[in-house]
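Report on one structure; see the data block that follows.
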Amino acid sequence: MSEDQRMARNSEEPPKSGPAGAARWADYLDWIRSEMIRGVLGLTPEQQRTSLVPSGWTPVELLSHVLHMEQRWFVWGFLGEPVADPWGDWDIEEPWRDGVEGRWQVADGVSAEELADRLEAIGARTREVLASYPLDALSSQGGRFAADPPSLEWICFHVLAEYARHAGHLDIVVELGG
């Protein structure tokens, strides 16, 4: 059996060959983002707002979290631009502080489709950033980072790792709920 026959691939995954660098990062971020959207939108509205995990998050809250997370890293973090309510996915003001108890939240009137549209818009902005800056460029100081700003490539690794973790969580929830 050849190696290609042993390797299961999702047909939506970017190809094994192609441009390296920022274009590859953009393709992978687009792919995992669309996987998250497809997973949440594939659930009924009731399933989107039902928690099946001990920590209590719901699929719609997870979708809100990843859109805020990506915006925090690329727009507020890398570009240093102000964003409205950067921690809007949380029910507390400073979720990063040790010892605080917070959780993700989504208002009742916000639909998964609305969050998916917002996430797609954030993704378009991320793609613009990746097309406009070299991967070794450091984040702007004054937005999210006052000191020790990460490079754009580090942010890409971090965001893709966070997406991958959450995509796995969502896969399990979809399987349990379906």
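The values are calculated or read from the model by the stated rules, or taken from the named source; none is laboratory data. Just so you know, these numbers come straight off a predicted model, no measurement behind them. All Cβ positions, glycine included, derive from the backbone under ideal geometry; neighbour counts span all protein chains shown. We work out accessible area using only protein heavy atoms, side chains counted, and drop any ligands, DNA or RNA first. Shrake-Rupley method; radii C 1.70, N 1.55, O 1.52, S 1.80 Å.
Could you pull out the residue among 143, 177 that is modelled with pLDDT under 95 and within 16 Å of residue 77 (Cβ to Cβ)?
Testing whether each residue is modelled with pLDDT under 95 and within 16 Å of residue 77 (Cβ to Cβ) leaves just 143.
Only one of 110, 100 is open to solvent by 30 Å² or more (accessible area, probe 1.4 Å) and in contact with a helix residue (DSSP H, G or I) (Cβ under 9 Å, 6 or more places away or on another chain). Can you tell me which? Working first, answer last.
Numbers: 100 fails: in contact with a helix residue (DSSP H, G or I) (Cβ under 9 Å, 6 or more places away or on another chain).
Within the list 110, 100, the selection yields 110.
Looking at (1) under 23 Å from residue 42 (Cα atoms); (2) in a loop (DSSP other than H, G, I, E, B), which is the one condition that is false for residue 96?
(1)
From the list 117, 136, pick out the single residue that is within 20 Å of residue 26 (Cβ to Cβ), in a loop (DSSP other than H, G, I, E, B) and open to solvent by 80 Å² or more (accessible area, probe 1.4 Å).
That would be 136, the only listed residue that is within 20 Å of residue 26 (Cβ to Cβ), in a loop (DSSP other than H, G, I, E, B) and open to solvent by 80 Å² or more (accessible area, probe 1.4 Å).
Here are the criteria: (1) part of a helix (DSSP H, G or I); (2) touching a helix residue (DSSP H, G or I) at 6+ places or on another chain (Cβ under 8 Å). Tell me which single one residue 175 does not satisfy.
Among (1) part of a helix (DSSP H, G or I); (2) touching a helix residue (DSSP H, G or I) at 6+ places or on another chain (Cβ under 8 Å), residue 175 violates only (2).
For region 35-73, which positions are hydroxyl-bearing (Ser, Thr, Tyr) and surrounded by 18 or more Cβ atoms within 10 Å (Cβ to Cβ)?
Passing the criteria: 58, 64.
Kindly indicate the residue of region 120-133 that is more than 30 Å from residue 44 (Cβ to Cβ) and among the hydrophobic types (A, V, I, L, M, F, W, C) and also surrounded by the most Cβ atoms within 10 Å (Cβ to Cβ) among those meeting that condition.
Among those that are more than 30 Å from residue 44 (Cβ to Cβ) and among the hydrophobic types (A, V, I, L, M, F, W, C), it is 130.
Please go through region 144-168 and give me each residue that is surrounded by fewer than 16 Cβ atoms within 10 Å (Cβ to Cβ) and within 25 Å of residue 51 (Cβ to Cβ), ordered by number.
Answer for region 144-168, where residues must be surrounded by fewer than 16 Cβ atoms within 10 Å (Cβ to Cβ) and within 25 Å of residue 51 (Cβ to Cβ): 161, 164, 165, 168.
Pick out the one residue from 76, 90 that is modelled with pLDDT of 95 or more, out of contact with any helix residue (DSSP H, G or I) (no Cβ under 6 Å at 6 or more places or on another chain) and crowded, with 16+ Cβ neighbours inside 10 Å.
Among 76, 90, only 76 is modelled with pLDDT of 95 or more, out of contact with any helix residue (DSSP H, G or I) (no Cβ under 6 Å at 6 or more places or on another chain) and crowded, with 16+ Cβ neighbours inside 10 Å.
Which count do you get for residues in region 128-178 that are in contact with a Leu (Cβ under 8 Å, 6 or more places away or on another chain) and of a type in the set (D, E, K, R)?
Total satisfying the criteria: 2.
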